[in-house]
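Everything on this sheet refers to the single structure shown next.
The values are calculated or read from the model by the stated rules, or taken from the named source; none is laboratory data. Small disclaimer: the values here were computed from a predicted structure and weren't measured. Glycine also receives a Cβ, built like all others from the backbone with ideal geometry; neighbour counts cover every protein chain displayed. The area values use the complete protein model at the heavy-atom level, side chains included, leaving out ligands, DNA and RNA. Shrake-Rupley method; radii C 1.70, N 1.55, O 1.52, S 1.80 Å.
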Amino acid sequence: MKHLLSMKDVTPHMITELFHKASRFKQGVVGWDADRKFAANIFLEPSTRTKNSFYIAEKKLGMDVIDVNGAESSLTKGESLRDTIKTLESIGVELVVLRQAEEGILQELSKDLSLSIINAGDGTGEHPTQCLLDLFTIAEEFKSFAGLKVAIAGDIKHSRVARSNARALRMLGADVSFTAPSIWQDPALSNEYISMDEAAAESDVLMLLRVQHERHCQEAFSGNYLETYGLTKRREASMKKRSIILHPAPVNRGVEIDSSLVECPRSRIFSQMANGVNIRMAVIQTLLEEAVLHVHQN
Ligand code: CP
């Protein structure tokens, strides 16, 4: 794997290998050093978790890290994103972590590069490392994905997290359903839609999505979102004993979830964030090791 752009790039075997590496990082075993390798983090959309956990993952691996601030870069002078990345490659950067608003441009952007690119979120496209950390968090709780009932709830239409997770969970054998207001359903995804009451009561994993106000044009939800599509205390009380709650965050407290449930015993929201560092270390190690292998083979 040269780049990580989409969960389409990832097989079940690769996921197992990444989990193995992430578990070792979680146990404090490093045993691998990317000393003197440069990473550049380009975040052209806002981020707290992804940007900072990539920074920590890179530093823990011994990398030198450049933060490319879009507003202070030559992107503002009209340089293309491809030319910006080629520039970073020319001056010695080996890994670019990229968040930007346009979906569907990454294949072209990453063509014929010697550095590796990790997609840290491309508009409404995909968010593969969020997906991998979600899967890792689920795997810590359940023996197998096969037959696991996962409900993804909320703003499906604008969610790159829903897209990556629905694809990967299906590939791993989970039974994935959606719940969403009709304005935020996505006909391009073929999953069954169920009510939020069913989602809460029947799923092993209830994955809540953020309402993405910044991506809405005309599709504002009218009414009480929490009562209709959110996780209320009543719905949480109906969940199965071992069921867990995920949310990629940031959380709109009192919208997707009752504020008092964000840190409830079945919530894994902050575990997801902690796991994000280990999963990102595992992804970076895998890409950089394969880049070295590629250089030796040529
Ligand atoms: N989950 C996630 O991508 O959060 P950030 O937007 O803060 O990176």
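List the equivalent ellipsoid semi-axes of the chain in whole Å, largest first, each obtained as the square root of 5λ for an eigenvalue λ of the Cα gyration tensor.
Semi-axes from the Cα gyration tensor: 33, 22, 16 Å.
Hey, which of these cross-link pairs are over 28 Å Cα-Cα: Lys86/Lys157; Lys59/Lys86; Lys2/Lys59; Lys8/Lys143; Lys8/Lys233?
Correct reply: Lys86/Lys157; Lys8/Lys233.
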Calculated FRET efficiency, Glu192 and Thr87, Cβ-Cβ r, R0 45 Å, to nearest 0.05? 0.45
Excluding residues fewer than 8 places away in the same chain, name every one of the aspartates and glutamates whose C-alpha is closer than 18 Å to that of Lys26. Glu17, Glu58, Asp134, Glu140, Glu141
Helix axis angle, 269-297 relative to the chain longest principal axis, alpha carbon, degrees: 30 degrees
Result for segment 180-294: accessible area per residue, probe 1.4 angstrom, in square angstrom, of 45 Å²
Quick one: work out the % antiparallel among DSSP beta bridges in the chain, nearest 5. 0 percent
Counting only heavy atoms of protein chains, what accessible area per residue, in Å², does segment 1-108 have with a probe of 1.4 Å? 54 Å²
For Glu140, put the label point 7 Å out on the Cα→Cβ axis and report which residues of segment 15-35 keep their amide N under 15 Å from it. 19-29
So, by mean Cβ neighbours within 10 angstrom, what's the order for 169-177, 43-51, 77-85 with the highest one leading? 169-177, 43-51, 77-85
